[in-house]
Amino acid sequence: MATNMIRLTIDGRPVEVEAGTTVMEAAEKTGIHIPRLCYHPKLSVEGACRICIVEVKGMRTWPVSCATKVSEGMEVTTASPAIRQARRDIVELLLDNHPMDCQTCERDANCELQNLAYQLGVRDRQFAGERKCFPTEDSSFSVVRNSEKCILCQRCVRVCAEVQGVHNLSQHWRGAGTVVTPAFEANMIDSVCINCGQCINVCPTAAWIEKSWTDEVWEALHDPAKHVVAHIAPAIRAAIGEGFGLPPGTPAAGKTAAALKLLGFDKVFDTNFTADVTIVEESHEFLDRVKNGGVLPLITSCSPGWVKFIEHFYPDLLPNMSSCKSPMSMHSAIIKSYYAEQAKIDPANIYVVSIMPCTAKKFESRRPEFMNAKGRPDTDAVLTTRELVWMIKAFGIDFVNLPDEDFDNPLGYSTGAADIFGATGGVLEAALRTAAEILTGAPLPSIDFTQVRGVVGLKEAELEVAGIQLHIAIANGLQNARELLARVRAGEKFDIIEIMACPGGCIGGGGQPYPPKGGYTIDFDLYKKRAEALYAIDSGKEMRSSHKNPYVLELYKNYLGEIGGHRAHELLHTHYHARTPRGI
Amino acid sequence: MTKQNTGERAYTLERDLQDFIASCRKREHPESFLITVLHKVQARCGYLSNEHMQEVAELLGVPASTVSGVATFYHFFRLKPQGKYMINFCLGTACYVRGAPLVVDAFREVLGIEVGETTKDCLFSLEATRCLGVCGLAPVAMINEEVYGKLTPTAIPGIIDTIRRREEA
């Protein structure tokens with residue numbers, strides 16, 4: 001491969017790299033991390049911020065190292081006095097057009113702009129001028145845009161288009177008036193935004209943040225008239241530890257349960273319980289469609305970002321959607337019916353808080369389908385992992401040294417099938433475990449469907465289950481889903497498809513902890529560690545198939561009646577509808 | 001927010017524009033025809049409404065955010081309806097020192113609109129421009145293709161009135 005190798009020097013050191021490598025990547029090989037801001041390793045190169053400029057001998061101008069390919073004999077200087085001064089000036093100019101509210105900002109201490117200003121030695125503010133003024137846009141239930149904090153790096157524009165295939169955002173107007181908004185500068189609530197929150201995850205500042213519901217939750221916790229219960233999503237336990245400095249992939253279900261009890265929740269349940277219920281209902285629905293010639297492929301409906309996406313972009317495929325509510329909405333509905341009845345508490349006094357890795361769950365909780373006749377949502381508040389981390393810190397709880405506690409039963413018990421919901425492929429594997437055993441009528445020799453595992457964007461497999469040949473597929477990141485859906489539209493035969501909006505599934509959700517300094521989101525190596533935590537919990541459990549959960553069986557026996565029956569439909573199923581504006 | 005989007009879609013763009021966009025979509029890189037399409041829509045309709053831009057997006061297969069991003073970036077594209085008579089008054093140096101601001105005030109008063117706006121009857125739009133190249137006639141304005149030179153505030157009501165009467169006739 002020697003012919004494809006390029007020799008150059010970076011800061012006087014000879015380097016040999018493959019042709020096509022950028023100067024930024026080549027510098028990494030010599031141990032130099034060129035300062036950068038708009039660059040994101042999982043997104044296209046924008047070259048907007050100019051922080052990563054370098055000197056190249058013989059070139060008249062300073063090229064950006066993220067977008068400049070190496071060439072033979074190139075002599076690169078990454079940090080001459082002039083370059084360092086220029087970088088500092090660029091950051092100072094960005095700060096000049098930025099609110100001076102670091103101490104009270106949501107991203108204080110994990111803001112990339114703030115970190116960069118420190119790293120580059122911005123100690124004085126040399127420039128002071130007119131600053132851009134935009135109102136905060138908070139029409140969405142999930143995300144809030146503060147364009148005054150936007151530095152126009154376009155990471156949100158890129159993630160929305162390239163990773164999610166939504167294309168909701170674009171720069172509008174020009175010069176000092178440039179602003180990132182949806183089409184026609186519409187409010188987020190009136191746009192094709194799917195509420196996934198990936199814009200928050202990639203934003204270097206606080207231009208995008210989740211809509212915070214912590215005030216409401218604090219208030220409920222201190223209201224003696226309210227019976228406040230929490231339930232936590234599968235993916236929380238795999239990532240929340242990172243918010244407290246624990247290594248990625250540290251399972252922390254027990255600590256989370258303990259922390260929630262300390263915060264004052266009357267009951268701490270596990271969304272996993274209704275993940276098991278989802279599997280029981282969904283595999284029943286799937287087998288029913290297979291046997292009775294129903295619409296196939298069946299497509300999973302747990303991910304609220306995906307649900308809104310199909311409503312805007314692929315309304316013709318809505319009949320393929322599973323009618324099952326998500327585990328969150330099932331859980332909240334069961335708390336306010338079954339649990340309320342058992343505990344003899346008026347559902348009107350129960351306040352349900354669900355802890356989700358997801359900003360779109362906030363939107364889901366406000367869908368009219370998930371409200372009672374009086375317009376009260378089944379899920380009163382949704383907190384992201386980040387919001388819960390903050391609440392735990394605000395309370396002064398020493399999370400890392402907290403002894404494990406159990407969830408409360410019956411709605412806190414789950415099988416291993418529920419834990420893996422948080423990773424891409426997990427829902428499908430859980431469904432296969434149950435569907436296969438129902439079809440064969442006997443326990444499976446192995447319940448590990450390893451074909452569907454692995455943190456990659458798109459997976460498919462042919463499986464034989466009880467003599468039936470199944471073509472299955474899994475997508476995460478909606479750009480990957482679009483590829484799959486194009487094939488479904490073209491008539492290719494699939495039997496069951498799992499789609500999660502966020503890259504990696506819920507473990508990569510838009511509400512998960514920010515990566516540590518120097519790290520980045522959509523990092524599949526990080527997500528693999530989170531996924532491994534979930535598979536480790538699963539394999540360590542005695543019971544690993546949803547239909548064997550004794551409390552789930554009890555729920556059906558005592559309350560719901562038949563699987564897929566009338567009461568189950570009332571409480572556990574929903575419907576979808578096409579939405580405008582039409583997605584393109 | 002929750003209106004249906006299935007079923008037949010009725011487009012308001014005229015048939016030949018729809019056909020033109022469809023022909024662009026069949027070619028390589030349909031998105032590269034976006035500006036051409038927007039030019040044609042504006043030429044026909046006078047400006048780019050949100051509704052028309054959404055239709056362009058759907059028919060050309062380009063995200064609506066890209067369409068409105070492009071439309072707001074370029075000066076040439078108008079996002080508000082334009083009057084039948086476009087008044088472009090000059091604010092170049094020569095016109096300015098010869099009293100253009102007073103002339104502008106007279107236009108605003110007579111028409112009852114601000115600079116950049118259009119009268120309710122869609123007859124007049126008022127826009128500022130820089131040098132029109134006829135400084136000898138300062139202060140000067142163009143109403144559509146016609147040049148009006150050596151303007152004074154007192155002349156404005158008559159000019160507008162003449163056009164209005166012509167339109168009513």
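The values are calculated or read from the model by the stated rules, or taken from the named source; none is laboratory data. Predicted model, so just to flag it, every value in this text is computed and none were measured. Neighbour counts run over all protein chains shown; Cβ positions are idealised from the backbone, glycine included.
Going by the conditions given, is A:His573 in contact (Cβ under 8 Å) with a residue 60 or more places away in the chain and in contact with a strand residue (DSSP E or B) (Cβ under 7 Å, 6 or more places away or on another chain)?
Answer is yes for this residue.
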What are the residues in segment A:256-269 that are outside any helix (DSSP H, G or I) and in contact with a strand residue (DSSP E or B) (Cβ under 6 Å, 6 or more places away or on another chain), if any? A:Phe265, A:Asp266, A:Lys267, A:Val268, A:Phe269
Checking the structure you have, find out if any residue of segment A:93-112 is of a type in the set (Gly, Ala, Ser), touching an Asp or Glu at 6+ places or on another chain (Cβ under 8 Å) and part of a loop (DSSP other than H, G, I, E, B). no
Looking at A:Gly47, A:Gly20, A:Gly58 in this structure, which one is assigned to a loop (DSSP other than H, G, I, E, B) and over 30 Å from A:Val163 (Cβ atoms)? A:Gly58
Restricting attention to segment A:422-455, which residues are in a loop (DSSP other than H, G, I, E, B) and surrounded by 15 or more Cβ atoms within 10 Å (Cβ to Cβ)? A:Ala423, A:Thr424, A:Gly425, A:Leu444, A:Ile447, A:Phe449, A:Arg453, A:Val455
Which residue is farthest from B:Val67 (Cα to Cα), if the candidates are limited to segment A:151-176 and must be at pLDDT below 95 and more than 8 Å from every other protein chain (Cβ to nearest Cβ)? A:Ala176
Residue identified as modelled with pLDDT of 95 or more, touching a helix residue (DSSP H, G or I) at 6+ places or on another chain (Cβ under 8 Å) and surrounded by fewer than 19 Cβ atoms within 10 Å (Cβ to Cβ) among A:Ala259, A:Ala225: A:Ala225
Only one of these is in contact with a Pro (Cβ under 8 Å, 6 or more places away or on another chain), among the charged types (D, E, K, R) and more than 23 Å from A:Arg489 (Cβ to Cβ): A:Lys336, A:Lys291, A:Lys325, A:Lys344. Name it. A:Lys336
The lone condition B:Arg108 fails out of (1) more than 14 Å from chain A (Cβ to nearest Cβ); (2) of a type outside the set (S, T, N, Q); (3) surrounded by fewer than 21 Cβ atoms within 10 Å (Cβ to Cβ); (4) touching a helix residue (DSSP H, G or I) at 6+ places or on another chain (Cβ under 7 Å) is (4)
Working carefully through the options B:Tyr74, B:Tyr85, B:Tyr11, find the one that is loosely packed, with under 12 Cβ neighbours inside 10 Å and in contact (Cβ under 8 Å) with a residue 24 or more places away in the chain. B:Tyr74
Take the conditions assigned by TED's automatic domain parsing to the domain that holds A:Leu317, at pLDDT 95 or above and either surrounded by fewer than 19 Cβ atoms within 10 Å (Cβ to Cβ) or over 22 Å from A:Cys506 (Cβ atoms) (or both) and apply them to A:Glu462. Does it pass? no
Going residue by residue through segment A:177-196, is there one that turns out to be closer than 18 Å to A:Thr384 by Cβ, more than 14 Å from chain B (Cβ to nearest Cβ), hydrophobic (A, V, I, L, M, F, W, C) and crowded, with 23+ Cβ neighbours inside 10 Å? yes
Cβ-Cβ under 8 Å, sequence separation 6+ or interchain: first residue in segment A:311-327 and within 9 Å of A:Tyr576 (Cβ to Cβ), partner among the charged types (D, E, K, R). Which pairs? A:Glu311/A:Arg579; A:Pro315/A:Arg579; A:Leu318/A:Glu311; A:Ser323/A:Glu285
Residue ID - farthest from the other protein chains (Cβ to nearest Cβ), chosen from residues in segment B:74-91 that are out of contact with any Phe, Trp or Tyr (no Cβ under 7 Å at 6 or more places or on another chain) and not aliphatic (A, V, I, L, M): B:Lys84
Under 8 Å by Cβ, and 6 or more places apart or on different chains, what pairs join a residue from segment B:118-133 that is under 21 Å from B:Lys150 (Cα atoms) with one that is among the basic types (Lys, Arg) and part of a loop (DSSP other than H, G, I, E, B)? B:Phe124/B:Lys84
Among the numbered conditions (1) more than 14 Å from every other protein chain (Cβ to nearest Cβ); (2) under 26 Å from A:Ser212 (Cβ atoms); (3) in contact (Cβ under 8 Å) with a residue 24 or more places away in the chain, tell me where A:Cys133 comes up short. (3)
Give segment A:284-319 a look and list any residue that's more than 18 Å from A:Phe370 (Cβ to Cβ), touching a Phe, Trp or Tyr at 6+ places or on another chain (Cβ under 9 Å) and part of a helix (DSSP H, G or I), or say none. A:Pro315
How many residues are in a loop (DSSP other than H, G, I, E, B) and either in contact with a helix residue (DSSP H, G or I) (Cβ under 7 Å, 6 or more places away or on another chain) or free of Cβ contacts under 8 Å to residues at least 12 places away in the same chain (or both) when one looks only at segment A:483-494? 4
If you go through segment B:30-73, how many residues are of a type outside the set (A, V, I, L, M, F, W, C), facing another protein chain (nearest Cβ under 7 Å) and part of a helix (DSSP H, G or I)? 8
Residue in segment A:138-155 that is nearest to A:Thr181 (Cα to Cα), counting only those that are surrounded by fewer than 24 Cβ atoms within 10 Å (Cβ to Cβ) and in contact with a Phe, Trp or Tyr (Cβ under 6 Å, 6 or more places away or on another chain): A:Ser147
Does segment A:296-312 hold any residues that are surrounded by fewer than 24 Cβ atoms within 10 Å (Cβ to Cβ) and more than 23 Å from A:Glu570 (Cβ to Cβ), and which are they? A:Leu296, A:Pro297, A:His312
Candidates A:Leu526, A:Leu478, A:Leu484 - the one that is among the hydrophobic types (A, V, I, L, M, F, W, C), farther than 26 Å from A:Ile209 by Cβ and surrounded by 19 or more Cβ atoms within 10 Å (Cβ to Cβ): A:Leu484
Inside segment A:496-510, the number of residues satisfying the requirement of being in a helix (DSSP H, G or I) and either of a type outside the set (A, V, I, L, M, F, W, C) or under 15 Å from A:Asp525 (Cβ atoms) (or both) is 2
What is the number of the single condition among (1) under 24 Å from B:Gly46 (Cα atoms); (2) of a type outside the set (A, V, I, L, M); (3) more than 18 Å from the chain's Cα centre (by Cα) that B:Gly149 does not meet? (1)
Please determine, by comparing only the residues of segment A:96-106 that are out of contact with any Phe, Trp or Tyr (no Cβ under 8 Å at 6 or more places or on another chain) and touching a residue at least 24 places away in the same chain (Cβ under 8 Å), which one is surrounded by the fewest Cβ atoms within 10 Å (Cβ to Cβ). A:Pro99
Matching residues in segment A:364-421 - criterion: being basic (Lys, Arg) and in a helix (DSSP H, G or I): A:Arg386, A:Lys393
Residue in segment A:566-584 that is nearest to A:Pro319 (Cα to Cα), counting only those that are more than 14 Å from chain B (Cβ to nearest Cβ) and hydrophobic (A, V, I, L, M, F, W, C): A:Leu572
